[in-house]
Amino acid sequence: MVFCDSSSVVKTIGSTTPGYNETLHQIIETISSLKSSGTQTTLIWIPSHVGIHGNEVADRLAQTECTKPSGAKANHKLSPSEKMSIIKNDWRNDHLLYLKSCQKASIQAMSRTGLTKCFHHRERAITVCLHRLRTGHIYLNSFNHRVDKDADSSFREGCEAIENIKHILIDCPKTESHRRKIRQLLATHNIELSINSLLGLNMALDTTIQCKIRDTLAKFLTKTNLVNIV
C-alpha cells in the first residue's frame, strides 16, 4: 500500500496515457512486475501530509534539504519534454542577456523575451507608432536633421522648438488641449509625466496602469495626427 499526496500523480499512473516521464513509466513497470509475481499494489491519495506521521517526517526532511542541502541526490532521468523545457528556458535567459547588451531603454525595460503586453495595441498603426517612439527610429524633423544637416529640425506646426519626441509628447503647447486626459490620468496615480512613463518604459508601474496610459496616449496620437507623422 502506497500513500501519495499528489492526486495528479495517482491519476497519471492509473491512466492509459501516462505521458513521457521516465520515472512514471518506471513506477508503472514496477507495479506491473509486482502484479505478475502475485503482489497487489494499492495507491491511496491523501490530502496533504496532515495526520500521516511518515509523510510529515518526509515533509520536514524535504524542507531541511531545501534550506541546508546535504549533497544527497536522487538520480531521476528527465523526460524529453522536461529536457526541452530546460533547454528553452536556458536559451531565453541567454538571449535576454545578449539583448541587454544594447543600452536602449526599450531593451533595458525587458524582463523576459517575447511580447510585452503594454507595448502592443489593437490597432497596428498605433503599435508601429509606439515602437518607433520607443526605439527613436522616427520620421520627426530632429531625426531627419541628423541624416540631412540642411533639413529643418524645428516643429512642422510652427513652433520654433526642435521637433523631437519630448516636444511632441510633453512640451508642445499646440497639442496641450489633447494632452489634458494624459495629465489627469498620471496625476490620479501620482505618476510623473515623462517619456518613459508614457511609452511603457517605467518598470515601477504595474501592467494595468501601463495599459491605461498606452490607450490614453493612443487617443492623443490619433487626435493630433501624430500617428501618421511619426
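Data for the structure
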quantity	calculated
In region 109-137, residue nearest to L97 (Cα to Cα) [restricted to those that are among the polar types (S, T, N, Q) and modelled with pLDDT of 85 or more]	T135
Candidates N202, N190 - the one that is over 23 Å from R124 (Cα atoms) and either outside the structural domain of N141 (by TED's automatic domain parsing) or assigned to a loop (DSSP other than H, G, I, E, B) (or both)	N190
Members of region 13-54 found to be outside any helix (DSSP H, G or I), hydroxyl-bearing (S, T, Y), under 30 Å from S85 (Cα atoms) and over 35 Å from the mean Cα position of the chain (by Cα), listed by number	T16
Residue identified as hydrophobic (A, V, I, L, M, F, W, C) and either modelled with pLDDT of 85 or more or within 22 Å of the chain's Cα centre (by Cα) (or both) among L140, L186	L186
Those residues of region 96-142 which are in contact with a helix residue (DSSP H, G or I) (Cβ under 9 Å, 6 or more places away or on another chain), in a helix (DSSP H, G or I) and of a type in the set (S, T, Y), in sequence order	S106, T127, T135, S142
Qualifying position, being touching a Leu at 6+ places or on another chain (Cβ under 9 Å), part of a helix (DSSP H, G or I) and at pLDDT 75 or above, among V10, V57	V10
Scan of region 79-95 for residues that are in a helix (DSSP H, G or I) and either of a type in the set (G, A, S) or touching a helix residue (DSSP H, G or I) at 6+ places or on another chain (Cβ under 8 Å) (or both), ordered by number	S81, S85
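The values are calculated or read from the model by the stated rules, or taken from the named source; none is laboratory data. As the structure is a computational prediction, the values presented were derived from the model and not from experiment. A quick note on method: Cβ atoms are made from the backbone with ideal geometry, for glycine too, and the neighbour counts reach across all protein chains shown.
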